[in-house]
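This report refers to the structure that appears directly beneath it.
None of the figures in this text is laboratory data; all of them are computed from the coordinates on show. Because the structure is a prediction, the values reported are computed rather than measured. Neighbour counts are summed over all protein chains in view; Cβ atoms, including those assigned to glycine, are modelled from backbone coordinates with ideal geometry.
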Amino acid sequence: MSGESCLHQLQPQTGPVVSVSSRTCPKAKTCTYRGVAGNKYVQLNVGGNLYYSTLEVLTRQDTLLRSMFSGKMEVLTDKEGWILIDRCGKHFDSILSYLRDRFVTLTKSRQGIMELLAEAKYYQIQGLIDLCQRALQDDQEKALCVIPVITSPKEEEKLLQGCLRPVIKLLYNRGNNKYSYTSNSDDNLLKNIELFEKLSLSYSGRVLFFKDVIGDEICCWSFYGQGRKLAEVCCTSIVYATEKKQTKVEFPETRIYEETLNALLYETLPVPDNSLLEATRRRNNCCSHSEEEEAVELRERVRRIHIKRYSTYDDRPLGH
């Protein structure tokens, strides 16, 4: 920090006050901090961010900060009395909040929690370390998505009958190799599986996803809502690319997105009418659009439909 120009933005806070200004940091010196306990304020420069806090807060718990401000170890100061701590100051307000209240509201960002955990480890604040680690563990568990694999028709029937959510099933049976496959069929089969995994991670809380590996088809999507089958997207066909029959596997991404969004309309009662479902279908005059552009446009149309639909039915009793 010696001789550097430090530009900061004013950030008024409650509790430990952050005082920020534009100033030049003079040459630092090493000394043992000696202060009066109680409400005496300490000036802290943490990675260029300036803070005020009290000795009582800084030495409340058995941490590195207690060692710094109880005279057990040397600290760097400038001639104006600012204590220099060579760490990123981004999360130091959370550090002070935890020292004061033994609790802090964590950010929803996993990256932010990991950054705060690194600071908590540096300052040796065990309670905050435990809090961050529990949050990261909970976040990891929430991200897990268990997808059942059907091995008999009875299992499928039981799942469908007992589920009130929309259902999406992917049937894939690569072992069904009666005919040879076209050159890009394997790639397209993998793309279908990858899209299924992507959708299941995005909508696992709203839709029941399961796989079927015993059916006769090689790759086929099925969509269910309110206990009945809504649509089926078969991704295979027989072609005569050579003198012999070949199996062709396709990847109709936009159609799969369409039917997924249609299924989402069956999350709550009343059941959507035909006009609402038709609005999610591809328009005939969209032929000039690429598959990706069409899919993006489709998602936006359905988002608007959801907003309109829920504003219409919010005041109605369930089932009317």
For residue 212, distant residues with modelled amide H under 5 Å away: 150, 170, 171, 172
Size of charge dipole - the range 29-139 - debye, nearest 20, with Cβ of Lys, Arg +1 and Asp, Glu -1, no other charges: 200 debye
Neighbour net charge for residue 58 - beta-carbon separation under 11 angstrom, K R +1, D E -1: +3
Karplus-derived HN-Hα couplings along the range 156-171 (A = 6.51, B = -1.76, C = 1.60, θ = phi - 60°), whole Hz, x at Gly and Pro: 4, 4, 5, 4, 5, 5, x, 10, 8, 7, x, 10, 10, 10, 10, 9
Cα-based equivalent ellipsoid, the range 68-137: semi-axes from gyration tensor eigenvalues, Å: 25, 13, 10
The range 219-266 versus the range 92-108: alpha-carbon centroid distance in Å: 50 Å
Residue 78 long-range amide H proximity, modeled H, under 5 Å: 29, 84
From phi via Karplus (6.51, -1.76, 1.60), per-residue ³J(HN,Hα) for the range 127-138 in Hz, x at Gly/Pro: x, 5, 4, 4, 4, 5, 5, 5, 5, 5, 5, 4
